[in-house]
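Peer 1: The following block contains the structure, expressed as structure tokens.
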Amino acid sequence: MELKLVKHLTMLCAGILVCSVMTPFTLIGHADDQVQQQLEVHENSDWKAMENEINSPQFQLAIHGEKSKEVCQSLLTEYDGAERDIIFVGAGTGWTEKIVNGGDNTYATTKAGLANLRDSWGLSAVAMIGAGGGAGTAIAGIPGAIIGGLIGNALSGYCKDAQNDMKKWIDVGSTKGGARVTLTAEFPIDSVDTTTQCKVRKI
């Protein structure tokens, strides 16, 4: 996987949301506070190819059409196996995001990683509110951005559900756990490669 070093900047200002697209900084806004976190992002070749297609003029034209969900689903199917690891520099924690059979799987393998992923899904829920279709890119540190950036508001509820599932993994004392989001559903998972809903338990 290729390594990219980026900074994750959460900026809360007057309730205005701003998301960077393919830049070294991710901006997410809401309120008047500011938090900066440096991340390492390891991407495989399929993930990079998916990002490149999303930012192509042809794709942007298609995603703004009447069949945006169909276009998004086709993208997820084409880039099955696209994967990236998000690592919080200094903390040595993080999580993995992988496109699996038309859905977006996120998974953590440490207690700290579970907390990182819980918080990141919370940021995603805020980021998707009011987001218009066609903005999509794989924003650093924001799970579900590939889907949510493309279809916007429709994903916000699933992001909140994913955040709640990550809380459940933490509450049962697990050191591993994840959440899967598709265009039509969200549920907890116990492997980064699965498409099957699991019971949240200590693993």
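Peer 1: Got a sec? What order do V181, V71 fall in by accessible area at 1.4 Å, biggest, i.e. largest, first?
Peer 2: From most accessible down to least: V71, V181.
Peer 1: Next question. Between D171 and Q197, take the C-beta separation as r, use R0 = 22 Å, and let me know the FRET efficiency to the nearest 0.05.
Peer 2: The value I calculate is 0.75.
Peer 1: Can I ask one more? Give the calculated FRET efficiency between E40 and D119 to the nearest 0.05, with a Förster radius of 22 Å applied to their Cβ-Cβ distance.
Peer 2: Efficiency at R0 = 22 Å is approximately 0.80.
Peer 1: As a test of reading the structure, rank L61, L39 by solvent-accessible area (1.4 Å probe, protein chains only), most first.
Peer 2: Per-residue accessible area, sorted high to low, gives L61, L39.
The values are calculated or read from the model by the stated rules, or taken from the named source; none is laboratory data. Given the structure is predicted, the values throughout are model-derived calculations rather than measurements. A quick note on method: Cβ atoms are made from the backbone with ideal geometry, for glycine too, and the neighbour counts reach across all protein chains shown. Ligands, DNA and RNA are excluded from the accessible area calculation, which covers all protein heavy atoms including side chains. Shrake-Rupley method; radii C 1.70, N 1.55, O 1.52, S 1.80 Å.
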